[in-house]
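The structure appears below as C-alpha cells.
The values are calculated or read from the model by the stated rules, or taken from the named source; none is laboratory data. Fair warning: this is a prediction, and the values are worked out from it, not measured in the lab. Virtual Cβ from ideal backbone geometry, glycine too; neighbours counted across all protein chains shown.
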Amino acid sequence: MAVAAVSALAAVAASMATAAPAGRSPNAVKPLVFADATGDAPGAAPDLTQVKVSNDDAGVVTIEVDVRDPRWVTVGGNMVWVLLDADRNRYSGDSKGEDLILAAIGGAQPTFDSLTWNGSDWAEANLPSLRVSLGDAGAVIFRASAQDLRSRDFAFEVWGINFDSANNAVVDYAPERDLWEYKVHGPDSDRDGLPDESDACPKVAPSYDPNGNGCPGPYRVMTARIVVSYTPDGKLLSPLSVSRLPPGAQVTVTCRRGCGKRGQRRAGSDGGTVGFRQFRNMTLPRGGVIEVRATKKGWISYVGIIRSVGPPKGLRVVDRCQPLDGSAPVPCALVGAGS
C-alpha cells in the first residue's frame with residue numbers, strides 16, 4: 001500500500017479511535033453469526049447487519065461482512081474495516097485496545113490491506129496469508145491465518161465507512177457499542193461441528209446429541225412390551241400387540257423363522273398400544289421366531305423376541321434393548337443410554 005494510503009487510513013483510525021465505546025460480549029468457541037441492528041447506518045454508510053466468523057482446522061479465520069450491496073465496495077472511497085484487539089489487552093494498542101485493522105478499500109478495482117499499531121501510531125502491516133474477496137450476495141470476505149492475526153482469541157468490531165461530500169467519514173459500527181469476541185477452535189476430528197476441545201467424544205460423530213456435548217445421547221429407554229395370548233402348542237389366540245409405546249414410535253414385526261409370513265409388518269403409534277391382526281390364530285411351530293422392534297429417534301430401541309418352545313409352555317417372550325453400538329440386543333437394564 002502506498003504511504004499516502006496508509007496515512008489516510010491511519011488518520012481515519014486516529015480520528016475515530018474513541019467513536020464507539022468499548023465493551024465485551026460473551027465468549028464463543030464455535031463458528032458464529034454476529035447480528036447488528038438494522039437501520040442504524042448514518043448517511044450513505046452501509047447498513048451492516050450481519051458478520052459471520054469461522055475457522056477451519058488449519059486455523060485460517062474467515063470473517064464475512066454483509067454490506068447488503070455487492071456494488072457498494074466498488075465505489076471509490078468506500079471502505080470496510082475489521083478492527084481487532086488481538087491480544088485482548090485494553091491497555092495496549094490504540095485508545096480502545098485495538099491493534100490490527102483489516103481493510104477493504106473501494107474502487108473500480110477494490111484493494112485490500114492491513115494496519116498494525118506500532119506503539120504510537122498505525123503503520124502498514126505485513127500479513128502474508130491475508131486474502132479478501134467479494135461475495136456474490138454483497139459480502140466482503142476476509143481470510144487470514146490465526147498466526148498472522150497474532151491471536152487465537154480476539155475481540156473485534158467492523159466499520160462500514162463512506163465519505164460525504166465534505167470528505168467527512170460517515171461510519172456504521174457493528175456492533176454499535178461493544179466488541180464481539182471469537183475464539184479460534186482446534187480440529188473437529190469427528191466432523192460434528194463441535195471442536196475437539198469442546199467435544200466430550202471427539203472421535204465419535206453423534207447422529208443424536210440433544211445436550212450438545214459431542215457424544216451420542218442421552219437417549220430415553222423404550223419400555224415397550226409384547227402382549228399376546230397363546231395355547232400350549234404355540235397358537236396365537238389374540239392379535240400380536242406391542243404396548244407402552246411413546247407417541248411417534250415405529251413398530252416393525254419380522255418373521256425370522258417358521259411363521260410362514262413373508263416380509264415385514266410395520267405400524268406407527270400415537271402412543272400406547274399397536275396391534276397386528278395378521279398373526280391372530282397363527283400357530284408358530286417349535287423353533288419358530290418372530291422379532292418385534294420399536295424405534296423412535298432419541299430413544300433406545302426395544303427388541304422383543306417371540307420364540308416357540310413347544311408344549312407345554314407354547315411360546316417364550318424375551319424383552320431386550322438395542323445397544324447404541326449396534327451389537328446384539330441385551331436386557332434393557334444393561335444398555336447404555338449415552339451421555
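Can you pull out every residue in region 76-97 that is touching a residue at least 40 places away in the same chain (Cβ under 8 Å) and under 23 Å from Asp47 (Cβ atoms)?
If we filter region 76-97 for residues that are touching a residue at least 40 places away in the same chain (Cβ under 8 Å), which is where we start, we get 77-88, 90, 94-97.
Residues satisfying the conditions are Gly77, Asn78, Met79, Val80, Trp81, Val82, Leu83, Leu84, Lys96.
Which of the residues belonging to region 34-65 are outside any loop (DSSP other than H, G, I, E, B) and touching a Lys or Arg at 6+ places or on another chain (Cβ under 8 Å)?
Once the filter is applied, which keeps residues that are outside any loop (DSSP other than H, G, I, E, B) and touching a Lys or Arg at 6+ places or on another chain (Cβ under 8 Å), region 34-65 yields Phe34, Val60, Val61, Thr62, Ile63, Glu64.
Being assigned to a loop (DSSP other than H, G, I, E, B), surrounded by fewer than 20 Cβ atoms within 10 Å (Cβ to Cβ) and in contact with a Lys or Arg (Cβ under 8 Å, 6 or more places away or on another chain) is the filter here, so list the residues in region 290-315 that pass it.
If the condition is that a residue be assigned to a loop (DSSP other than H, G, I, E, B), surrounded by fewer than 20 Cβ atoms within 10 Å (Cβ to Cβ) and in contact with a Lys or Arg (Cβ under 8 Å, 6 or more places away or on another chain), then Gly298 is the only one that fits.
Would a scan of region 316-336 turn up a residue that is among the small types (Gly, Ala, Ser) and buried (at least 19 other Cβ atoms within 10 Å of the Cβ)?
Looking through region 316-336, none of the residues is among the small types (Gly, Ala, Ser) and buried (at least 19 other Cβ atoms within 10 Å of the Cβ).
Out of Gly248, Gly258, Gly287, Gly268, report the one residue that is at positive phi, loosely packed, with under 13 Cβ neighbours inside 10 Å and not aliphatic (A, V, I, L, M).
Gly287
Could you check region 222-243 and list, in sequence order, the residues that are within 34 Å of the chain's Cα centre (by Cα) and surrounded by fewer than 22 Cβ atoms within 10 Å (Cβ to Cβ)?
Thr223 - this is the single residue of region 222-243 that is within 34 Å of the chain's Cα centre (by Cα) and surrounded by fewer than 22 Cβ atoms within 10 Å (Cβ to Cβ).
Would you mind listing the strands (runs of 3 or more DSSP E) fully within region 66-176 where at least 2 residues are within 20 Å of Ala37 (Cα to Cα) and at pLDDT 95 or above?
Of the strands (runs of 3 or more DSSP E) lying wholly inside region 66-176, those with at least 2 residues that are within 20 Å of Ala37 (Cα to Cα) and at pLDDT 95 or above span 79-85, 153-163.
Kindly indicate whether any position in region 182-194 is in a strand (DSSP E or B), hydroxyl-bearing (Ser, Thr, Tyr) and free of Cβ contacts under 8 Å to residues at least 24 places away in the same chain.
Scanning region 182-194, I find no residue that is in a strand (DSSP E or B), hydroxyl-bearing (Ser, Thr, Tyr) and free of Cβ contacts under 8 Å to residues at least 24 places away in the same chain, so the answer is no.
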